[in-house]
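As structure tokens, the structure follows; a few thoughts come after it.
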Amino acid sequence: MACVLEAPLRMSVLSVTASSRHYVDRLFDLDPQKVLQGVMLLYLLQQESSSTELRTECAVVLGSLAMGTENNVKSLLDCHIIPALLQGLLSPDLKFIEACLRCLRTVFISPVTPEDLLYTDATVISHLMALLSRSRYTQEYICQIFSHCCKGPDHQTILFNHGAVQNIAHLLVSSSYKVRMQALKCFSVLAFENPQVSMTLVNVSVDGELLPQIFVKMLQRDKPIEMQLTSAKCLTSMCRAGAIRTDDSCIVLKTLPCLVRMCSKERLLEERVEGAETLAYLIETDVELQRIASITDHLIVMLADYFKYPSSVSAITDIKRLDHDLKHAHELRQAAFKLYASLGANDEDIRKKIIETENMMDRIVNGLSESSIKVRLAAVRCLHSLSRSVQQLRTSFQDHAVWKPLMKVLQNAPNEILIVASSTLCNLLLEFSPSKENMAFQAEQKIKSDILRGLSTEQLFQLLSDSDVNVLMKTLGLLRNLLSTRPHIDHIMSTHGKQIMQAVTLILEGEHNIEVKEQTLCILANIADGTTAKELIMTNDDILQKIKYYMSHSNAKLQLAAMFCISNLIWNEEEGSQERQDKLRDMGIVDILHKLSQSSDPNLCDKAKTALQQYLA
């Protein structure tokens, strides 16, 4: 919304309070145009000729206006309130600086304010760091601005490079609770997923005490909940970054139990959400922490309560509570799914306990079809974690036919969900799972043909030339699984052999990494295991020369994969083996086998000797 400032107001210093009262009244007017007239204060704020008292009063009133609707903030942003307030910070008057900072804080915490506005001028951050020493109010407001405007690694780097750690660390022992709390929140966002900041924090001391020790004191039970939670988040980030060991007592005996406490019924819904999500992040990659958490305060059962909101309403007096519950219900479910996913990531017994929790599989199935995309993603992640259990794939997962809602999730889903959902589907389609009738590996020939037809050979070969190595590896893995068991190999190669051999040739000739070429040679080994399919290799001298080349490669993985091709081609129990052996001998393959039989690598040596025995039999 564009904003045009009206003519300057004539306002004497003596009439500051009365006149600004006039503008404050307008902030609560139902007419939006009258509200916008309050923006005229911006003009006064920027007039050097105005007295400091008047400009301070203007900053205070603008801060009140910014506390109104989001449209108010948008109007102020359109009128360039941020540059005006930042300019005000250059004033020598502390009260005016504090008023400008308070207003800036209010503007920046609004969801409509872009955080990048803080970083457009490189000198702003330096000046804010310098102002930290002026008063406890400048400390509180600046830390709050930093914690709200630090979104992602770029912002973290800017603040870190401007000395945020050194300038803010001593504020953790301030006499003001608000200053301590805002400084703590600053470190929470600075350290999140940032090894550089975390590794620095672990060695910083204030008054002879290291920061991790200060954080531990802040998460003790007698401290306010927000302080406990935020300090636990700091220690969690430092642990995940490797700055603190996962078996350190400050993690095992302090941080983890604190976060489990935050998940209890006694805590506010917001605290339970934050506690569960932070705990999920803390234990996500560590088996021992997962085991400890799973047996702390009956956590697995405690989390089941997260699904019981909104609670039933029996009286009109509970309407406010219902509104509150509704607001946080999806956040609670999302947090619970995330924590269950982390808890069940590795341990079979923990997965069993989770699945046996009250209505768990039904809750996951319901979560897969929720309107909130965040809840759907968390439910899929939970399902993915639990799907690593062989026992559960055979029982609970089949009983609830979870693959059906999972297939629906895949339709028109964003990439983040597609990645986890497709990985989960892969687990559901393993050989021992009753859901396997949808899979490629060891699937019936009809299903393999259906996969090829559904994917289309054209699309398959497009994927084989994809520049993304992850896409290429997954496609090669699919092709390798399709080309398993002889009748299937022969059938697929009889219909798609020409395109497959072309694709294999291009990959082996291209600039690809070892893993890609190894997977491609394994596909050739599978083709060589076919009855009629192997002739597609024997009649292709180019491919045979490539196999010979990789037998003498410097990488043992590629040598071994090439040897599998040769072994399958010369196996003497199969028809035509003598002719194939003769042709390969003429190419010098036997000489290479003799050399490899002397290899220091036991796998290469054994495979070469086994192959040579085929010539002697």
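The values are calculated or read from the model by the stated rules, or taken from the named source; none is laboratory data. Note that the structure is a prediction, hence the values are computed from the model and not measured. With ideal geometry, Cβ positions are generated from the backbone for all residues, glycine too; neighbour counts draw on all protein chains shown. Just so you know, the surface numbers come from the protein's heavy atoms only, side chains and all, with ligands and any DNA or RNA stripped out. Shrake-Rupley method; radii C 1.70, N 1.55, O 1.52, S 1.80 Å.
With a ≥ b ≥ c the root eigenvalues of the C-alpha gyration tensor of segment 71-136, is it rounded (a/c under 1.5), prolate (a/b larger than b/c) or oblate?
Here segment 71-136 falls in the prolate category.
May I have the extent of the alpha carbons of segment 224-336 along their three principal axes, as whole Å values ordered from largest to smallest?
Cα extents, longest axis first: 51, 25, 19 Å.
Compute, for the chain, the length of the dipole vector about the Cα centre, with Cβ point charges of +1 (Lys, Arg) and -1 (Asp, Glu) only. Units Debye, rounded to 20.
1020 debye
Only sites in a loop by DSSP and with at most 13 other Cβ atoms within 10 Å count here; which trypsin sites (Lys or Arg not before Pro) in segment 162-251 make the cut?
Within segment 162-251, the qualifying trypsin sites (Lys or Arg not before Pro) (loop, at most 13 other Cβ atoms within 10 Å) are Arg221, Arg245.
Working from Cα positions, state the angle (0 to 90°, nearest 10) between the long axis of helix 16-27 and the longest principal axis of the chain.
So the inclination is approximately 40 degrees.
Please express the shape of segment 150-227 as an equivalent ellipsoid: the semi-axes are the square roots of 5 times the eigenvalues of the C-alpha gyration tensor, given largest first in whole angstrom.
20, 13, 12
Give me the angle, in degrees from 0 to 90, between the Cα long axis of helix 122-131 and the longest principal axis of the Cα atoms of the chain, rounded to the nearest 10.
50 degrees
Would you mind checking the pairs Lys185/Lys408; Lys408/Lys534; Lys151/Lys178; Lys185/Lys404 and listing those with alpha carbons more than 32 angstrom apart?
In this structure, Lys185/Lys408; Lys408/Lys534; Lys185/Lys404 exceed 32 Å between Cα atoms.
Could you list, in their original order, any pairs among Lys223/Lys254; Lys448/Lys498; Lys352/Lys374; Lys474/Lys557; Lys327/Lys352 whose Cα atoms are separated by more than 21 Å?
On the way: Lys223/Lys254 13 Å; Lys448/Lys498 18 Å; Lys352/Lys374 25 Å; Lys474/Lys557 19 Å; Lys327/Lys352 31 Å.
Over 21 Å apart, Cα to Cα: Lys352/Lys374; Lys327/Lys352.
Please give the calculated 222 nm ellipticity per residue for the chain, where each DSSP H segment of at least 4 residues contributes -39500 (n - 2.57) and the sum is spread over every residue; nearest 500 deg cm²/dmol?
-20000 deg cm²/dmol
When the Karplus curve 6.51 cos²θ - 1.76 cosθ + 1.60 is applied with θ = phi - 60°, which whole-Hz ³J(HN,Hα) does each residue of segment 556-571 get, with x for Gly and Pro?
Values, residue by residue: 5, 4, 5, 4, 5, 5, 5, 5, 4, 4, 4, 4, 5, 6, 9, 4 Hz.
Relative contact order, percent, of the chain when contacts are C-alpha pairs under 8 Å separated by at least 6 residues?
5 percent
Hey, what did segment 128-195 get for relative contact order, percent, Cα under 8 Å, at least 6 apart?
On the way: 60 pairs, mean separation 27.6, N = 68.
Value for segment 128-195: 41 percent.
For Cα extents along the principal axes in Å, the choices are [x] 112, 59, 48; [y] 111, 56, 55; [z] 80, 50, 50; which was calculated from the structure?
[y]
Given a 1.4 Å probe and every protein chain left where it sits, what share in percent of the accessible area of segment 110-153 is carbon and sulfur?
54 percent
Taking loop as defined by DSSP and a crowding limit of 14 other beta carbons within 10 Å, which GluC sites (Glu not before Pro) in segment 324-379 fit?
Taking segment 324-379 and a limit of 14 other Cβ atoms within 10 Å, the loop GluC sites (Glu not before Pro) found are Glu356, Glu358.
In whole Hz, with x marking every Gly and Pro, tabulate ³J(HN,Hα) for segment 375-383 from phi via Karplus 6.51 cos²θ - 1.76 cosθ + 1.60, θ = phi - 60°.
Calculated HN-Hα couplings, in order: 5, 4, 5, 5, 5, 5, 5, 5, 4 Hz.
Taking Cα pairs under 8 Å and at least six residues apart, what relative contact order does segment 214-348 come out at, in percent?
Relative contact order for segment 214-348 comes out at 24 percent.
Which one of Leu536, Gln519, Ser599 is farthest out on the positive end of the charge dipole of segment 489-617, using unit charges on Cβ (Lys, Arg +1; Asp, Glu -1) and the Cα centre as origin?
Looking along the dipole axis, the top candidate is Ser599.
Do any GluC sites (Glu not before Pro) in segment 177-245 lie in a loop, going by DSSP, with at most 16 other beta-carbon atoms within 10 Å of their beta carbon, and if so which?
Glu193
What angle, in degrees between 0 and 90 and rounded to the nearest 10, separates the Cα long axis of helix 469-482 from the longest principal axis of the Cα atoms of the chain?
Long axis of 469-482 versus the principal axis of the chain: about 40 degrees.
Roughly how many percent of the accessible protein surface of segment 221-276 is carbon and sulfur, given a 1.4 Å probe and a whole-percent answer?
Using a 1.4 Å probe with all protein chains present, segment 221-276 comes out at 48 percent carbon and sulfur.
Is there a quick way to get the dipole size of segment 456-577? I mean about its Cα centre, with the Cβ of Lys and Arg at +1 and of Asp and Glu at -1; what is the value in debye to the nearest 20?
160 debye
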